[in-house]
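Report on the following structure.
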Amino acid sequence: MPKLQKDLEEVKELLEKAKRKRVCSSLMVEQRKLEEEILCKQQQLEQSLKKELADGEKSSIVCSSHTNYTVKINNYGWDQSEKFVKIYVSLTDVHKLTGDNIQTHFTERSLDLLVKDLNGKNYSLVINNLLKPIDIAASYRKVKTDMVLVMCRKKKSDQKWEYLTQVEKQSKDREKPKLDSDADPSEGLMNVLKKIYEEGDDEMKRTITKAWVESREKQARGEMEF
């Protein structure tokens, strides 16, 4: 324990002196790991002492799996304003925690939320490859009743985010039909109409059929007039 405390103090001293963002980010990650390890050791000691006082027997120090179990957060919502992209994370009783138990870490293209010791569990949300860069210094989090709101300040306020991450954008782009530059344009259009017809409801099918019939009739009249 004393060694871990000294390591933590040294990391904090280095963090105060560090100026480069990458160095600061690495030191903050190391600081959090040490804090979690120290917390685990403290819980081990407390558990051991309580058991020895209760039954007078020695027990091995075992870190409580319930207390230190980390739950990965997969369900969250997001929206945006002109200046911010907002991440909504619902967690029951999160507003009852102290500020030190709710930590956020930002880079230009990622965010990391860690909620510690909430009803015996830790909760972690990591979102990498954000669609566009964010302003690290101006990003922050708010704690509301049963919710953490992560506020990511847009690097450029006038940019609208169609997706939250680059991965989502690439996934949607792959779903879009590819256009063949050498193909007959009319053939491409017919393929698109065919796809819409096959996937559409009865009303859509009637509309497409009517438009096709009218088009054919106009073509026939045009040929006769010629």
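For first residues located in segment 1-17 and within 14 Å of residue 33 (Cα to Cα) and modelled with pLDDT of 70 or more, partners that are hydrophobic (A, V, I, L, M, F, W, C) and surrounded by fewer than 12 Cβ atoms within 10 Å (Cβ to Cβ) and lie 6+ apart or on another chain with Cβ distances below 6 Å do not occur.
Matching residues to (1) modelled with pLDDT of 75 or more; (2) surrounded by 15 or more Cβ atoms within 10 Å (Cβ to Cβ); (3) not in a strand (DSSP E or B):
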{"residue": "23", "(1), (2), (3)": "no, no, yes"}
{"residue": "27", "(1), (2), (3)": "no, yes, yes"}
{"residue": "31", "(1), (2), (3)": "yes, yes, yes"}
{"residue": "35", "(1), (2), (3)": "yes, yes, yes"}
{"residue": "57", "(1), (2), (3)": "no, no, yes"}
{"residue": "71", "(1), (2), (3)": "yes, no, no"}
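Residues in segment 138-155 that are open to solvent by less than 60 Å² (accessible area, probe 1.4 Å) and either of a type outside the set (D, E, K, R) or within 15 Å of the chain's Cα centre (by Cα) (or both): 9 in all. Evaluate segment 68-81: report whether one residue or more is β-branched (Val, Ile, Thr), within 30 Å of residue 49 (Cβ to Cβ) and more than 12 Å from the chain's Cα centre (by Cα). Yes; the residues of segment 68-81 include at least one that is β-branched (Val, Ile, Thr), within 30 Å of residue 49 (Cβ to Cβ) and more than 12 Å from the chain's Cα centre (by Cα). The set of residues in segment 88-103 being surrounded by fewer than 18 Cβ atoms within 10 Å (Cβ to Cβ) and part of a strand (DSSP E or B) consists of 88, 90, 103.
For a quick check of your reading of the model, give me the residue pairs whose first member lies in segment 27-44 and is under 11 Å from residue 7 (Cα atoms) and of a type outside the set (Asp, Glu), whose second is open to solvent by 60 Å² or more (accessible area, probe 1.4 Å) and modelled with pLDDT under 80, with beta-carbon atoms closer than 8 Å and at least 6 apart or on different chains. From segment 27-44, the pairs are 31/12; 38/1; 38/5.
The values are calculated or read from the model by the stated rules, or taken from the named source; none is laboratory data. Quick caveat, the model's predicted, so the values are computed rather than measured. Backbone-built Cβ (ideal geometry, glycine too); neighbour counts: all protein chains shown. To get the accessible areas, we keep the full protein, side chains included, count just its heavy atoms, and leave off ligands, DNA and RNA. Shrake-Rupley method; radii C 1.70, N 1.55, O 1.52, S 1.80 Å.
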